[in-house]
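A.B. asks: Supplied in structure tokens, the structure appears directly below.
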Amino acid sequence: METLRLQTFMVFMLSSCGFVLSFQINHLLYTQSNPTAPQTLDRNDASSILNSNFDSSLPVKFIIHGYRESGNSEWALKMKDELLVHAPMNVIVVDWQDGSSGWYFTCSANTAQVGEDTHLLISHLQTQTGLSLNNVHLIGFSLGAQVAGNTGKRNPSIARISGLDPAGPDFSGKGASDRLDPTDAQFVDVLHTDGEPLWQGGFGYYEPCGHVDFYPNGGTRQPGCGLVGEICHHMRAPAYYTESINSDCPFTAYPCTLGQESCSTCNGNCGFMGFHADKSQANEVFYVETNSESPYCRG
């Protein structure tokens, strides 16, 4: 059974839809005025920005999908909806479907191009609308978290990056310049949910790579997800984060030592996992215990 799971995992990783040298990247704007019908922001067409509902006085949240996904992925749209319920803001979904659908290691290389393109859009928003980087928050899942890191490396003055189980394959073992890192934004918070080694079927990056790093249920296996190597463990990261946006339950996070099975004492330094994470807990590793099904928060 273990061999079968590993073979299935490797087929998933190595399957190819062709080597993509160039691909379409769309930045889709949603606001409370257009919560379901996005407006495309084109950095090469000033009118697409100036005639849109973009409001530079409001927070700007970028949602960036991962491997074999699109801007219409269910979790991305659900997160968009929760953000727009939370407060007036600009939500920009980065759709790089064509660049995320080929051979995995080509797609991982494509994260640099998507990061560059997103950085250039942010620069145009600064120039054309007066956007402050203190209003910019990138939320990336899996390869999307590495896209967010690549965006921040080009302008680390952006306010925040939230990395949702950053992709591990092709990034584990690399230096800070080649993966998501605390220097990529003023505040980088990271959720780790599927950090088993690659050979065991893990999709996520296990080592700390933010100012604060959260390890729900230890960061490798999530309750209710079944066998190691199932995508469920990886997908729990955006699920936890989305629930945290408007939940009355705070996802209390306990300071912990990496690799420790469980921690449940605050010692005056508990934090909150997810949307309401705080930089005041910088340079900390946190343990969070969740339920096996939604609602996931236990307190």
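The values are calculated or read from the model by the stated rules, or taken from the named source; none is laboratory data. Owing to the predicted nature of the structure, the values given are computational and were not obtained by experimental measurement. Note that each Cβ is placed from the backbone with ideal geometry, even for glycine, and that neighbours are counted across all protein chains shown.
A.B. asks: So L58 passes all but one of these: (1) crowded, with 19+ Cβ neighbours inside 10 Å; (2) touching a strand residue (DSSP E or B) at 6+ places or on another chain (Cβ under 6 Å); (3) of a type outside the set (S, T, Y). Which condition number does it fail?
C.D. replies: Only one criterion in (1) crowded, with 19+ Cβ neighbours inside 10 Å; (2) touching a strand residue (DSSP E or B) at 6+ places or on another chain (Cβ under 6 Å); (3) of a type outside the set (S, T, Y) is unmet by L58, namely (1).
A.B. asks: Can you find even one residue in the range 125-142 that is surrounded by fewer than 18 Cβ atoms within 10 Å (Cβ to Cβ), among the small types (G, A, S) and over 14 Å from the mean Cα position of the chain (by Cα)?
C.D. replies: Scanning the range 125-142, I find at least one residue that is surrounded by fewer than 18 Cβ atoms within 10 Å (Cβ to Cβ), among the small types (G, A, S) and over 14 Å from the mean Cα position of the chain (by Cα), so the answer is yes.
A.B. asks: Sticking with this structure for a sec: Could you count how many residues in the range 147-187 are under 19 Å from P208 (Cβ atoms), touching a strand residue (DSSP E or B) at 6+ places or on another chain (Cβ under 8 Å) and either not in a helix (DSSP H, G or I) or not small (G, A, S) (or both)?
C.D. replies: 16
A.B. asks: Related question: Being in contact (Cβ under 8 Å) with a residue 60 or more places away in the chain and not small (G, A, S) is the filter here; which residues of the range 208-224 pass it? Walk me through it before giving the result.
C.D. replies: Step one: filter the range 208-224 for residues in contact (Cβ under 8 Å) with a residue 60 or more places away in the chain, giving 208, 211-218, 222-224.
Across the range 208-224, the qualifying residues are P208, H211, V212, D213, F214, Y215, P216, N217, Q222, P223.
A.B. asks: Within the bounds of the range 76-85, is there any residue that is crowded, with 21+ Cβ neighbours inside 10 Å, in contact (Cβ under 8 Å) with a residue 40 or more places away in the chain and acidic (D, E)?
C.D. replies: The answer is no, given that none of the residues of the range 76-85 is crowded, with 21+ Cβ neighbours inside 10 Å, in contact (Cβ under 8 Å) with a residue 40 or more places away in the chain and acidic (D, E).
A.B. asks: Find the strands (runs of 3 or more DSSP E) located wholly in the range 205-299 whose residues include 3 or more that are surrounded by 19 or more Cβ atoms within 10 Å (Cβ to Cβ) and among the hydrophobic types (A, V, I, L, M, F, W, C), and list them.
C.D. replies: Working: elements: 212-216, 252-255, 284-288.
Qualifying strands (runs of 3 or more DSSP E): 284-288.
A.B. asks: Pairs, please: C-beta under 8 Å, at least 6 apart or cross-chain, first residue under 12 Å from Q146 (Cβ atoms) and in the range 172-194, second among the β-branched types (V, I, T) and in a strand (DSSP E or B)?
C.D. replies: Matching pairs, first to second residue: L180/I161; L180/V188; L180/V190; D181/V188; D184/I161; V190/V212.
A.B. asks: Take the residues in the range 177-204 that are closer than 18 Å to L138 by Cβ and of a type in the set (V, I, T), then tell me which one is surrounded by the fewest Cβ atoms within 10 Å (Cβ to Cβ).
C.D. replies: T183
A.B. asks: Of all the residues that make up the range 202-211, how many are more than 14 Å from the chain's Cα centre (by Cα) and at pLDDT 95 or above?
C.D. replies: Residues of the range 202-211 more than 14 Å from the chain's Cα centre (by Cα): 202, 206-208, 211.
Then keep just the ones that are at pLDDT 95 or above; that gives 206-208, 211.
Of the residues in that region, 4 qualify.
A.B. asks: What about S52, is it loosely packed, with under 15 Cβ neighbours inside 10 Å, without any contact (Cβ under 8 Å) to a residue 24 or more places away in the chain and farther than 20 Å from P156 by Cβ? Write out each step before concluding.
C.D. replies: Numbers: loosely packed, with under 15 Cβ neighbours inside 10 Å: no; without any contact (Cβ under 8 Å) to a residue 24 or more places away in the chain: yes; farther than 20 Å from P156 by Cβ: yes.
Answer is no for this residue.
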